[in-house]
1. Within the set of pairs 6 or more residues apart or between chains, which connect a residue that is under 12 Å from ASN282 (Cα atoms) inside segment 209-221 to a residue that is part of a loop (DSSP other than H, G, I, E, B) and within 11 Å of the ligand (Cβ to nearest atom) with Cβ atoms less than 8 Å apart?
2. Does segment 205-250 hold any residues that are more than 21 Å from GLY45 (Cβ to Cβ), more than 14 Å from the ligand (Cβ to nearest atom), assigned to a loop (DSSP other than H, G, I, E, B) and in contact with a Phe, Trp or Tyr (Cβ under 8 Å, 6 or more places away or on another chain), and which are they?
3. Can you tell me which residues in segment 251-268 are at negative phi and more than 16 Å from the ligand (Cβ to nearest atom)?
4. How many residues, within segment 463-482, are assigned to a helix (DSSP H, G or I) and free of Cβ contacts under 8 Å to residues at least 60 places away in the same chain?
5. Among ALA50, ALA95, ALA112, which is assigned to a loop (DSSP other than H, G, I, E, B), within 16 Å of the ligand (Cβ to nearest atom), on the phi < 0 side of the Ramachandran plot and buried (at least 22 other Cβ atoms within 10 Å of the Cβ)?
6. Could you tell me whether segment 583-590 includes any residue that is under 25 Å from LEU562 (Cβ atoms), in contact with a Gly (Cβ under 9 Å, 6 or more places away or on another chain) and in a loop (DSSP other than H, G, I, E, B)?
7. Every residue in segment 159-205 that is under 30 Å from VAL72 (Cα atoms) and surrounded by fewer than 24 Cβ atoms within 10 Å (Cβ to Cβ), please.
8. For segment 301-320, check the following and say yes or no: at least one residue is assigned to a loop (DSSP other than H, G, I, E, B), touching a strand residue (DSSP E or B) at 6+ places or on another chain (Cβ under 9 Å) and of a type outside the set (A, V, I, L, M, F, W, C).
Amino acid sequence: MTLEEKVGQLVQVASATEKNAAATDASGARLTDAVLARIRSGEVGALIGACGIGNYNLAQRTAKTSRLGIPVMVGHDLIHGVLTQFPTPIGISCAWDTNLWYRAGRLIAAEAPLKGCDWTFTPMLDIARDARWGRIVECAGQDPYLAGLYAAAMVRGIQEPVGGRRMAACLKHYVGYGAAVGGRDYDEAEMSVETLHRIYLPPFAAGVSAGAFTVMPGFHSLNGGPCSANRYLLTDVLRGELGFTGFCISDMGAVWEIGPKGHGIARDAVDAAAKCVNAGMNMEMTRRSEFCFSEGLAQAVRAGRVDMRTLDDRVRDVLRIKERMGLFEHPFIDEKPAVDLEAHLAFAREAAAKSVVLVKNAGDVLPLAKTAKVALAGRFADSAHEMRGAWSAYFENVRNPSVRAGLAAAEMALAETPAEADVVIACVGESQKRNGENRSYADVSFDANDLAVVREAKRSGKPVVALVFCGRPIVLTELVEAADAVMIVWNAGSCGGWGIADVLTGRAEPTGRLTVDFPRASGQCPIFYNRMATGRPYGSGRFCVHYEDVPFEPLLPFGRGLAYTAFAYADAHAERQGGRVLFFAEIANVGKRRGTETVQLYVHERFTETVRPVRELRGFEKVTLEPGERRRVTVEAALPVGDYEYFLASDSRADGVRGEVK
Ligand code: BGC
């Protein structure tokens, strides 16, 4: 390979299209001649932006005519589905269901070819402890263990072969992006090496172990080092400690951003290219005309700033992934891929039902009686749009997903006014416009008008069920007081209203559990259950960790989620068996309906050299029980030798059982 050809493999450009008589895609657009010329001359390793099957195949045909004939990759953010959308990641994380996450990955892999895409910039594995940070919607919550399971399941689902080809997943944003100070997107993050390893790295380690092909370093600087040019993170930790063998793609324009107008650690394009490549970056995702690798990398090599062996390593990583994706043997996408869109709608409905979290159900308002007349209130009751959620470029395989349509399909009697109804369902919360990239808010209060809607509905004297649309934890303190039942429904996707109606009517049970703390006030952020033990713990009086103005605990903690029945725990104990620790408990359904309990195992490691979190999730099991039924449940936790206390519960604050691992 010539130096220019090597550099070409490390450059990703926008798959710019234009309307053209010779259109190669159903949309009537064709890749521009400028992009095709660059592919033909070997200057491009990948495109960003799904461009349709015709243009994808045109790009590959053009790549074949380049001197070396190396196929290109086409990446896009297909985050919670493609044509069919399932709930946003924060929503689907609440399912605590690895098989569901795996199937979500399969859906993305099956539908991506329809849009001419073979690489998705997902899963997003940032641990997010701060509701002010708008990208919390894209991640799997605040817990490293759970996010690790999510990572592995999604990667397996996305990368499993489809007809000789494998799609590439991308773990992002490596690492600590969710720890941006003040919840301000793109801002710096600071943390100890201990916190990095215990909290922020484990999901990436799990994704790497599952074989993820690519990793995207974040825009931010961690402890003063921009991630894009951070040798410790990209080489020592990612490749050295975690054993990553794929390639790193920069975030959009992030190489350029280490330059004088950004982080300010590089003088120009040559310097930026050299610093990033030497640190371990492979490919630059370019933005507009900000090209550092194509403008500066060859010069950096010629000037001896980047060793040819280093460049070869970076290129080899990219070629190896293209090979593992099957692109050399099968560069083209089938013109008519066989995709079962009906089955995907069924999946979206199931996923929506499994993602909702019931957090209050006073007087057993839910499930709705079959004969109940329902009045709808609130600005989201008829909205299909609010079911989309962030990053949903396509929303094409959709049944009218509004709550009203879902209830109608469930054959519920819909009343015009609360006066004529038996129950009012208020669809309220946060508009999807308010979350996602660069949607940081200092104040995550509940919308005052929405609260007024719920209070007004309450004045009818009928029970009020609030459905909370959101992409982040918002302050539900007053809402939870005002409404009889509260269910967090996120942005539920293509069949959102149908899945929500399934739970409202009891066709499906509520099994979701929160994966983030919901604060009582914005000022509690950041807030997370796995905080470090302190010398003056909360609850021990005046001189304990607390606020003077609001309670210390969140309103709704991580792990919270109600069923339509109740469970009791008995006879809990732990046993060491060789290197394994097993936890046992007898769980009984003491309510009147069939129900599924998520038995959550938390541990606290004691008498260590450094302080440990008060509690860390280390395992969970689901058990479905008929009324009156009881069953012995075993939860296995991989724990190194040590001295532990444990807490076994469905909800980190409700009835549960405590014990010691002897
Ligand atoms: C985001 C990434 C995304 C990229 C490409 C950036 O602004 O931070 O998460 O993958 O754009 O769309």
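Derivation of every value follows stated rules applied to the coordinates shown; laboratory data play no part. The model shown is predicted, which means the values in this text are computed figures rather than measured ones. Don't worry about glycine lacking a Cβ; one is built from the backbone with ideal geometry, like all the others, and counts go over all protein chains shown.
1. If the second residue must be part of a loop (DSSP other than H, G, I, E, B) and within 11 Å of the ligand (Cβ to nearest atom), the pairs left are MET216/PHE121; MET216/SER250; MET216/ASP251; PRO217/SER250; PRO217/ASP251; PRO217/ALA254.
2. Residue satisfying the conditions is LEU242 alone.
3. So the first thing to find is which residues in segment 251-268 are at negative phi, and the list is 251-252, 254-263, 265-268.
The answer is GLY259, PRO260, LYS261, ILE265, ALA266, ARG267, ASP268.
4. Qualifying residue count for the region: 4.
5. Numbers: ALA95 fails: within 16 Å of the ligand (Cβ to nearest atom); ALA112 fails: assigned to a loop (DSSP other than H, G, I, E, B).
From the options ALA50, ALA95, ALA112, the qualifying one is ALA50.
6. Yes, segment 583-590 contains a residue that is under 25 Å from LEU562 (Cβ atoms), in contact with a Gly (Cβ under 9 Å, 6 or more places away or on another chain) and in a loop (DSSP other than H, G, I, E, B).
7. Of everything in segment 159-205, those that are under 30 Å from VAL72 (Cα atoms) and surrounded by fewer than 24 Cβ atoms within 10 Å (Cβ to Cβ) turn out to be GLN159, GLU160, PRO161, VAL162, GLY163, GLY164, ARG165, ARG166, TYR186, ALA205.
8. The answer is no; no qualifying residue exists.
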